[in-house]
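Chemist: Below is a structure I'd like to ask you about.
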Amino acid sequence: MNRPAKSDYDIFFDGYINLVKDDNVVKFIEDQRDITDKFLRSITEEESFHSYAEGKWTIKQVVGHITDTERIMAYRALCLARKEQQPLPGFEEKDYAETGKFNIRKYSELVAELKAVRDADIPLVKSFDEEMIARHGIVNNKRVTVLALLFIIAGHQEHHLNIIKERYLSMLK
């Protein structure tokens with residue numbers, strides 16, 4: 001499997017896609033599931049309420065955001081792989097994080113939910129053949145391919161895990 005071409009996605013996603021170091025995004029997504037689960041489980045319930053600055057999300061909200069975004073991106077990949085012709089809408093991540101009420105949920109449940117979403121997405125991703133991977137459509141008024149969406153799923157999670165490590169946990173440890 002190749003990396004997505006620059007023409008496969010909006011430049012906004014470049015940073016996420018560049019975080020995926022393996023050209024085999026399916027393997028990366030599988031490996032990432034277990035690495036992420038182990039890392040997030042090392043964070044305590046008490047630590048999960050931490051925010052690194054005023055007005056920034058808590059770790060719980062970040063985990064909820066990762067989960068919501070993966071669901072949305074996987075749905076988009078499914079739609080495009082199945083030749084959906086209708087443009088797909090964007091979403092406002094801040095509204096989702098606020099209305100998700102992640103801070104009143106148990107952190108361990110949020111982590112388990114993220115793993116369950118990834119567990120569900122892996123067989124979907126593996127079911128995409130080369131023709132499906134190459135399909136494209138319009139998402140949030142921008143052209144994107146299924147392949148790019150898979151890289152975005154992996155890179156988005158990597159991005160937020162890096163932020164948790166660098167900004168959140170560095171203040172706690």
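Chemist: Return the FRET efficiency for the residue pair Ser108, Val26: r is the Cβ-Cβ distance, R0 is 22 Å, and the value is rounded to the nearest 0.05.
Modeler: E(calc), rounded to 0.05, equals 0.20.
Chemist: May I ask for the Kirkwood hydrodynamic radius of the stretch 23-172, worked out over all distinct Cα pairs and given in angstroms to one decimal?
Modeler: Result for the stretch 23-172 stands at 16.0 Å.
Chemist: Right, something else. Would you calculate the separation in nanometres between label points at Asn2 and Thr99, each defined as 7 Å from the Cα along the Cα-to-beta-carbon direction?
Modeler: Output for this residue pair reads 4.0 nm.
Chemist: Okay, next question. What's the percent breakdown of Cα-Cα distances in the stretch 88-173 across 10 Å bins, shortest bin first?
Modeler: 13, 34, 37, 15, 2
Chemist: Once every DSSP H run of n ≥ 4 in the chain is given -39500 (n - 2.57) and the sum is divided by its residues, what mean residue ellipticity at 222 nm do you get, rounded to the nearest 500 deg cm²/dmol?
Modeler: -18000 deg cm²/dmol
Chemist: Right, something else. Starting from the 7 Å offset along Cα-to-Cβ, what nm value, one decimal, do you get for the label separation of Asp14 and Glu131?
Modeler: So the label points at Asp14 and Glu131 sit 3.4 nm apart.
Chemist: Same structure again: Find out how many positive minus negative residues lie around Tyr75, taking Lys and Arg as positive, Asp and Glu as negative, among other residues whose Cβ is under 13 Å from that of Tyr75.
Modeler: -1
A short reminder: the numbers here are calculations on the coordinates, not readings from a lab. What you see is a predicted model; the values in this text were computed from it and never measured. For neighbour counting, all protein chains shown are included, and Cβ atoms are generated from backbone atoms with ideal geometry for every residue, glycine included.
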